[in-house]
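This report concerns only the one structure given below.
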Amino acid sequence: MYKHPFEYALIGFEGNKFSGKIVPELLDLAQRGIVRFVDIIFIQKEADGSSRSIELNDLDEDGYKQFVPLGEHINGIFSQEDLDLAISKLPDNSAAALFLWENLWLENISKAIDDAGGLLVERGQIPADIVEQAMQELAE
């Protein structure tokens, strides 16, 4: 079922709550078939360092409803070790969302590569700050 590598992101928010302002963009990505969200966990880290987390599928009905197009694809595969690592990266008195997704846009290009007898040898990401630094160096 999964043909492509998964990507993840840990998105932190100051304060200990979520505003929901990124939800429309997440829904847009899923509805247009660009990504398929595999797992989403919401994390709250208190001022004293204690934390709690909740899987998308465990939200109350009102919270879940706004993610229904995403929730149809949630599998809950982050491990406790993954969650502990994410929590360790967060400052106290913060909130975060941990996302895992598959890039569906790769499907057509993967098929074209296969049909052409090609093989994807490597794929990666270059952090934006590294790109910015390289562009500045090129401009000088």
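The values are calculated or read from the model by the stated rules, or taken from the named source; none is laboratory data. Treat the numbers as computed from the prediction; the structure is a model and nothing was measured. Glycine also receives a Cβ, built like all others from the backbone with ideal geometry; neighbour counts cover every protein chain displayed.
Looking across Phe37, Phe78, one residue alone is crowded, with 16+ Cβ neighbours inside 10 Å, at negative phi and out of contact with any Phe, Trp or Tyr (no Cβ under 8 Å at 6 or more places or on another chain). It is Phe78.
Reported count of residues in region 121-140, each being modelled with pLDDT under 90 and either in contact with a Cys (Cβ under 6 Å, 6 or more places away or on another chain) or closer than 30 Å to Leu56 by Cβ (or both), is 5. The single condition among (1) closer than 22 Å to Glu7 by Cα; (2) in contact (Cβ under 8 Å) with a residue 40 or more places away in the chain; (3) within 18 Å of the chain's Cα centre (by Cα) that Ser94 does not meet is (1). The residues of region 13-66 that are hydroxyl-bearing (Ser, Thr, Tyr) and within 25 Å of Lys89 (Cα to Cα), listed by number, are Ser19, Ser50, Ser51, Ser53. Restricting region 1-34 to residues that are loosely packed, with under 14 Cβ neighbours inside 10 Å and small (Gly, Ala, Ser) leaves a set whose member that is farthest from Ala86 (Cα to Cα) is Gly33.
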